[in-house]
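Notes follow the structure.
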Number of protein chains: 2
Amino acid sequence: MTRNKSIRKEDLSEKREYHTQSTGIFFKVKNLLYKQNSPYQKIEVFENEYFGNVLLLDDLVQTTERDEFFYHEMLVHPSLITHPDPLDLLIIGGGDGGVLKETLKYHIKNVCLVEIDPHVIEVSKKYFPWLSPCLKDQRTELVIADGKKFIEKIDRKFDIILIDSSDPVGPSASLHQKRFYEKLKNCLNNEGIVVAQVGSPLYNSELIREKSASLKELYKIVSFYVIPVPTYPGGSWCFVYLSDNAHPLSIKRDPPLGLNYFNLETHRSAFSLPNFLKEKSE
Amino acid sequence: MTRNKSIRKEDLSEKREYHTQSTGIFFKVKNLLYKQNSPYQKIEVFENEYFGNVLLLDDLVQTTERDEFFYHEMLVHPSLITHPDPLDLLIIGGGDGGVLKETLKYHIKNVCLVEIDPHVIEVSKKYFPWLSPCLKDQRTELVIADGKKFIEKIDRKFDIILIDSSDPVGPSASLHQKRFYEKLKNCLNNEGIVVAQVGSPLYNSELIREKSASLKELYKIVSFYVIPVPTYPGGSWCFVYLSDNAHPLSIKRDPPLGLNYFNLETHRSAFSLPNFLKEKSE
């Protein structure tokens, strides 16, 4: 997730994430469940009365048990319902398993999850109930590697690539660069789709403008979409859908049953941008 | 605005609003501009580096200079573009003037603003730049009165009634009851539309379910819609559009130019509800 500078006050009964220098979200900590520095980042999990278990990486909220479905459903389903025949999938990042969980709801052949930090996988297996069953699924292929190096080396193509990166500073920095999106194209089938999280439409609108310009040099279809994510800065989050052939509003199949957020109407709606963002993304 | 219990920590350098018992938003206070108890409520205005001037009533964020347009545009424009000929308008609450400002962008004849607390008007005139010009507009009729008593007494009908109430506890409590919505119908022209703010789709979903059931006994068309409001609990807010004749997706005119959020696409999209809310509002 793309975030502004974060400063955490060392109060054990409370965690806070700054969204700007002067505003942010706070959580009362019911139980601090885990706190360790991996070679890549600071990993923390705590329990909050309302949101359940919350995962922080370098002090930024990544996911919570209560509201994970907003982000994970909306990162996965838009491409899965618009690709003509999605069989081979790649997830870069996403060690908490929320994106993986949503992809496995389709009749796919294989999903390769490339996570740089094995500690995120281990911690998430313990504290987020959906991850372990997903890792046991025969279609799941787990690779511990730097996503950028992985796509530079492999000689494989995917139907859908989902970028569930963290901040553009820290271990995910290279996943936000134009060169990375250029390399991704080599790993994408003809009808392929890339979806990536981009940032807050309110706080990162300048970044969205820059990304829009550079991605349009690489992909014929560059469509931004926005959905609510209660625990992310500003309560909304922006994603980008990239393809040369698939169109985000050309729907090929129904979504799976039992989703909490996603349906065909919210899918179409998410691509309707407010005026202030339209100007930035055109 | 409908909110859960709010507890404010008395730290002069910071204001916080609890959204649940264990989570919420915090703002660094650059300048505390106003703090007084009126006969109705505690009124505070402070300056925040990012959001500019912020109005709190009984510790709950009502509006900020930076993000006011999300809420005010989306409370006003959906009815104004779908009514066949909106001439006479009524706003109940809304003493900060944000809703009034948006209504005056149309060729209306008269807009009557009924605010219970004259102190909110006085404070907002000083700290929110849009209010004073709106009050000077010849079409504006300002009434200081209890909205509930006002609609019980008057013998007038309106084309559009906009309910910009605060919490269901405190001075706005009666504006959330079924009896109030029943009385409103007597003040509504045949083609009339009522729009009211309802609450957070995440935190108040049970309230939305109850409201949906009771409003359907009164109005033929009961359509909920959701939009982002960065400084409100959960970052999204729910509204309800009520009418016996006008339909929210039957658009009669273009919105005014120069809006920051609203356009015909975001209008239609707002009525597409996520699965978890659809179940509550059906």
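Every number in this text was worked out from the coordinates using simple rules, so none of it is lab data. Just so it is clear, the model here is predicted, and its values are computed rather than measured. Here Cβ is always computed from backbone atoms with ideal geometry, including for glycine, and neighbour counts include all displayed protein chains.
The mean number of Cβ atoms from other chains found within 10 Å of a Cβ in peptide A:14-25 is 5, as a whole number. For segment A:100-206, the percent of C-alpha pairs falling in each 5 Å distance bin, counted from 0 to the bin holding the largest distance, reads 2, 10, 19, 24, 20, 15, 8, 2, 0.
Sorted shortest first, the distances from the A:Asp254 label point to those of the same residue in the other copies are 4.0 nm; each point sits 7 Å from Cα along Cα-to-Cβ. Note on B:Glu217/A:Lys278: beta-carbon distance plugged into 1/(1 + (r/R0)^6) with R0 of 30 Å gives a FRET efficiency of 0.15. Taking every residue in A:228-239 and counting other chain Cβ atoms within 10 Å of its Cβ, the average works out to 5. What spacing in nm lies between the two simple spin-label points modelled at B:Lys185 and A:Ile144, each 7 Å away from Cα in the Cβ direction? That separation, rounded to one decimal, is 6.6 nm. The calculated pair-distance distribution of chain A uses every alpha carbon pair, bins of 5 angstrom beginning at 0, and gives 1, 6, 13, 18, 20, 18, 13, 7, 3, 1, 0 percent. Sorted ascending by nearby beta carbons within 10 Å, beginning with the fewest, A:Ser200, A:Ser223, B:Ser165 become A:Ser223, B:Ser165, A:Ser200. Distance between the modelled labels on A:His247 and B:Ser38, one decimal in nanometres: 5.2 nm (7 Å Cα→Cβ projection). Sorted shortest first, the distances from the B:Leu33 label point to those of the same residue in the other copies are 4.3 nm; each point sits 7 Å from Cα along Cα-to-Cβ. For the protein assembly as shown, the convex hull drawn through the C-alpha positions has a volume of 135 cubic angstrom per residue. The distance from the alpha carbon centre of segment B:78-155 to that of segment A:210-268 is 38 Å, rounded to a whole number. Residues with beta-carbon under 9 Å from that of B:Glu191, excluding B:Glu191: net charge, scoring Lys, Arg +1 and Asp, Glu -1? Neighbour charge sum, excluding B:Glu191 itself: -3. In terms of distances greater than 23 angstrom between alpha carbons, the cross-link table entries B:Lys105/B:Lys280; B:Lys105/B:Lys157; A:Lys15/B:Lys211 yield B:Lys105/B:Lys280; A:Lys15/B:Lys211. Derived scalar couplings between HN and Hα for segment A:248-264 equal x, 9, 9, 8, 9, 7, 6, x, x, 6, x, 6, 8, 10, 6, 8, 5 Hz in order, rounded to whole Hz, by the Karplus curve 6.51 cos²θ - 1.76 cosθ + 1.60 (θ = phi - 60°), x for Gly and Pro. Measuring from each Cβ of chain B to the axis that turns chain B onto chain A, the shortest distance belongs to B:Gly235, 1 (residue, then whole Å).
When the C-alpha to C-alpha distance is required to be over 21 Å, the pairs from B:Lys153/B:Lys178; A:Lys149/A:Lys178; A:Lys183/A:Lys252; B:Lys220/B:Lys278 that qualify are A:Lys183/A:Lys252. Among A:Leu90, A:Leu207, A:Leu257, the largest mean-square fluctuation in a Gaussian network model of chain A (Cα springs under 10 Å) belongs to A:Leu257. Across segment B:68-281, the mean sequence separation of Cα contacts (distance under 8 Å, 6 or more residues apart), normalised by length, yields a relative contact order of 24 percent. Mean partner shielding of peptide B:267-278, defined as the number of other chain Cβ atoms within 10 Å of each residue Cβ, is 6.
Roughly what percent of Cα-Cα pairs across segment B:58-156 reach past 23 Å? Counting pairs separated by more than 23 Å, the tail of P(r) holds 23 percent. For segment A:1-119, the average shadow cast by the Cα convex hull is 8.2 nm², which is a quarter of the hull's surface.
When the helices of chain B are scored as -39500 (n - 2.57) per DSSP H run of n ≥ 4 and the total is divided over every residue, the value at 222 nm lands at -7500 deg cm²/dmol. Highest mean first, the peptides B:187-199, B:35-47 sorted by other C-beta atoms within 10 Å per residue fall in the order B:187-199, B:35-47.
Please give, to one decimal in nm, the separation of the simple spin-label points placed at A:Leu264 and A:Glu122, each 7 Å out from Cα toward the Cβ. Output for this residue pair reads 4.6 nm.
A:Arg156 label point (Cα plus 7 Å toward Cβ) to equivalent points in the other copies: 7.0 nm, shortest first.
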